[in-house]
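Asker: Let me give you the structure first, and then I'll get to my questions.
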Amino acid sequence: MVYLRLAIDTPLRRMFDYLPPAEGAPAGGWQPGLRLAVPFGRGEAVGVLLEAVGTTEVPAAKLRQVLATLDTEPVLDPVTLGLLRWAADYYHHPIGEVFAAALPVLLRQGRAAQADRRLWSLTGAGCAALEGTAAPPARLGKRQREALELLRTHGAGLTLAYYATLAPPLRTALRNAVERGWAQLAEADPTATPETSAVAVLPPPGATRPEPTTAQAAALAAVAAAGPGFHAFLLEGVTGSGKTEVYLRLLEDVLASGKQGLVLVPEIGLTPQLVDRFRARLGGGLAVLHSALTDSERLAAWRDAREGRVSVVIGTRSAVFTPLERLGLVIVDEEHDGSYKQQDGWRYSARDLAVIRAQRAGVPVVLGSATPALETLWNARQGRYQLLTMPVRAGAAGAPRLGLVDLRREPQYQGLATASVLAMQRHLNAGNQVLLYLNRRGFAPTLFCNNCGWAAPCRRCDARMTVHSRPAGLTCHHCGLEATLPFACPTCSHELSPVGQGTERIEQLLADQFPGTEVLRIDRDTIRRRGELDAALERVREGHARILVGTQMLAKGHDFPEVTLVVVLNADQGLFGTDFRAAERLAQTLTQVAGRAGRAERPGEVLIQTTFPDHPLLARWLEGGYDAFATVALEERAAAGWPPYSKLAVLRAESEDEGAALAFLRAARDAANALGIQGVRLLGPAPAVMERRAGRFRAQLLLECPQRGPLHQLLGAWLPLVDALPRPRRVRCALDVDPVEVA
């Protein structure tokens, strides 16, 4: 008798056994990776087959029968299947939720795994409109003409995966063209080849390849010298040194051998410019995968990647699970970025899983960053990764000139020092652009009463509400609660004042200081819908916006050739953080933001406003850059026993009832201590730094061990005991292995 063992999307830490369906096995047999429709509870579910076994511990009377086999062949290749099973064990997470996270939503709902063969193509009416022979003459806007020209260039049609890589305005133009009869979305010719479907793997005609710098050539030679098989490389290159050119040349070699590449990026905002640059060099065979796509667009890209109809997949965190049977190279850009760590549900690190995937597939992996994570640097210094350095910028641009603005002595107005204003005027007069970085959105961090000290609190969080001016109101940036602005202090009826600066306030201040100069603000308040970031960056590239104000969205990876001055308005935010990684994050942010200055032929300047100019972190960073900081920081980590010199896990709990989360974690700690496993320290439990958030009280229990083995031994034996503990219904808990935050 054969029993089918499945992973089903449920928080239970187990697999589920079923009887085969009445129609029997598919033609290829019961292969791991098939999706099966099964009865589950009072409804139905879609599960992924993990194995067919000859025995089961479930009583025969309780076994239920599979309803239907959804696939004729596995949707996941053996390497990806093995990666997911390994990840479920390593992160001690329910295997069903792990497999669900790796599949597009529509596949979890039972949609067919075969690729949608429809293509976008130009109609006769569209050709006439483009050539000006239509009667009456068609009036084509810039985007509409660009869309029709694209269809004419790819006469055989554009795949849905290719369509998903286009900028949102171009996708809108294509949809409008269909409505006007100028284009159509129809089934492809079954004899069409990938080349005629706009997924060619060869560089397009006219593609240019700049000569590599000495450092780039050395990095490429080192990768080539390592030979075939798994090798891990850390490409540490200063901002502007040309890491992307190294990625492109490595991908060209991989594609020329008939294999595929996987490129991970930390943010959705980085994908449009990266896709444009990659397409210009590698041709149309690209697919993008990120959360801004619709479910249908994501499924189309996933299908084409799985079937080998695309040569390169570029995506954010979950793209690491994309099935690629001919995988030849994995690249993780900005590998230090915290966005690679999933912060809810299954808390995995896409960067770490990318390395494991490359290892299991027997292909090289390149981790790139100007500011590598300390754990990654440590791996390189231990010989686990091969370090490739690119210490100078490509082209004529040199390193920017760095300077501190001492806010204790320098006159300032609403957070902007006089020295910073004068420097801005100087760079603007020279025809350049200026960028101001402040990682605090809104108008002001709080609304304050100077008479009694009242500050507008959030009633659901242990935090103050942020003042916004457009529209006017108060917003909690932790839970999203909104409130109207009070006319007077609710405690003493005294007048209230907004205290501190946010990007919105700085934007208004700059509009007054520099009349007639366009100021562009980029943060989560101005970039809400698809396409808005692309439109904003286009205004920067075209030179319309001369002053840029923004948060982290501006700090990561964007190339602004005309920006020659960067001003960091409040560097002190990161100097005294409660998390042990706070100093590392600040040094990375300062380095990344500074890298936006002077990227082309023009010299750059960076000014950092601070009230603590003598702080050791700032001193080390100014004198020796990020490398000098990292060397000292690793020594401090070793002395304190923090990662990478130890391994961590955090059990977090939260509840609407004060004290319930702490009480549950105390019981969990007692259960761990009763196991008697040596070498693991249990710290806490303790309330979170912000104990109450969104109406729930939060606490955590930290587990620390010098070696990975004893920690995972404890977790494996302990978590079933934790699941069995009596727990009030409103207490929720989650395990985070290798946490990036422990505050």
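Asker: Suppose the filter is surrounded by 15 or more Cβ atoms within 10 Å (Cβ to Cβ), touching a residue at least 60 places away in the same chain (Cβ under 8 Å) and small (Gly, Ala, Ser); does Ala45 pass it?
Answerer: no
Asker: While we're here: Sort out which residues of the stretch 48-66 are surrounded by fewer than 12 Cβ atoms within 10 Å (Cβ to Cβ) and part of a loop (DSSP other than H, G, I, E, B), and write them in order of number.
Answerer: Selection gives Gly54, Thr55, Glu57, Pro59.
Asker: Then there's this: It is to be established whether one or more residues within the stretch 408-419 are exposed (fewer than 12 other Cβ atoms within 10 Å of the Cβ) and either touching a Ser or Thr at 6+ places or on another chain (Cβ under 7 Å) or among the aliphatic types (A, V, I, L, M) (or both).
Answerer: The answer is yes; a qualifying residue exists.
Asker: Same structure again: Please go through the stretch 420-456 and pick out each residue that is in contact with a Ser or Thr (Cβ under 8 Å, 6 or more places away or on another chain), surrounded by fewer than 21 Cβ atoms within 10 Å (Cβ to Cβ) and among the small types (Gly, Ala, Ser).
Answerer: Those that are in contact with a Ser or Thr (Cβ under 8 Å, 6 or more places away or on another chain), surrounded by fewer than 21 Cβ atoms within 10 Å (Cβ to Cβ) and among the small types (Gly, Ala, Ser): Ala430, Ala455.
Asker: Of everything in the stretch 75-116, what is in contact with a strand residue (DSSP E or B) (Cβ under 8 Å, 6 or more places away or on another chain), within 20 Å of Ala300 (Cβ to Cβ) and surrounded by fewer than 20 Cβ atoms within 10 Å (Cβ to Cβ)? Give them in sequence order.
Answerer: Arg108, Gln109, Gly110
Asker: Checking Val320 against (1) in a helix (DSSP H, G or I); (2) surrounded by fewer than 23 Cβ atoms within 10 Å (Cβ to Cβ); (3) within 15 Å of the chain's Cα centre (by Cα), which test does it fail?
Answerer: Result: Val320 passes all but (2).
Asker: Then there's this: When Leu428 is evaluated against the numbered criteria (1) of a type in the set (A, V, I, L, M, F, W, C); (2) touching a Lys or Arg at 6+ places or on another chain (Cβ under 7 Å); (3) in a loop (DSSP other than H, G, I, E, B), which criterion, by number, is the only one it fails?
Answerer: Every listed condition holds for Leu428 apart from (3).
Asker: Please specify each residue of the stretch 600-634 satisfying the condition of being over 19 Å from His336 (Cβ atoms), in a helix (DSSP H, G or I) and either of a type in the set (A, V, I, L, M) or not assigned by TED's automatic domain parsing to the domain that holds Leu428 (or both).
Answerer: The answer is Leu618, Ala619, Leu622.
Asker: Ok, one more. Checking the conditions here, which among Ala638, Ala587, Ala597, Ala653 is in a helix (DSSP H, G or I) and either over 29 Å from Val392 (Cα atoms) or at pLDDT below 90 (or both)?
Answerer: Checking each option against the conditions leaves just Ala638.
Asker: Filtering the stretch 355-371 down to residues that are among the β-branched types (Val, Ile, Thr) and part of a loop (DSSP other than H, G, I, E, B), which residue is surrounded by the most Cβ atoms within 10 Å (Cβ to Cβ)?
Answerer: By that ranking, first place goes to Thr371.
Asker: Quick one: which residue in Glu741, Glu704, Glu691 is more than 19 Å from Asp344 (Cβ to Cβ) and either touching a residue at least 40 places away in the same chain (Cβ under 8 Å) or not assigned by TED's automatic domain parsing to the domain that holds Gly676 (or both)?
Answerer: Glu704
Asker: Considering only the stretch 548-567, how many residues are crowded, with 24+ Cβ neighbours inside 10 Å and either part of a strand (DSSP E or B) or acidic (Asp, Glu) (or both)?
Answerer: Total satisfying the criteria: 8.
Asker: For Thr69, work out the one condition from (1) more than 21 Å from Ala350 (Cα to Cα); (2) buried (at least 17 other Cβ atoms within 10 Å of the Cβ); (3) touching a residue at least 60 places away in the same chain (Cβ under 8 Å) it doesn't fulfil.
Answerer: (3)
The values are calculated or read from the model by the stated rules, or taken from the named source; none is laboratory data. Since the model is a prediction, treat every value here as computed from it, not as a measurement. Cβ coordinates were reconstructed from backbone atoms using ideal geometry, including for glycine residues, and neighbour counts include every protein chain displayed.
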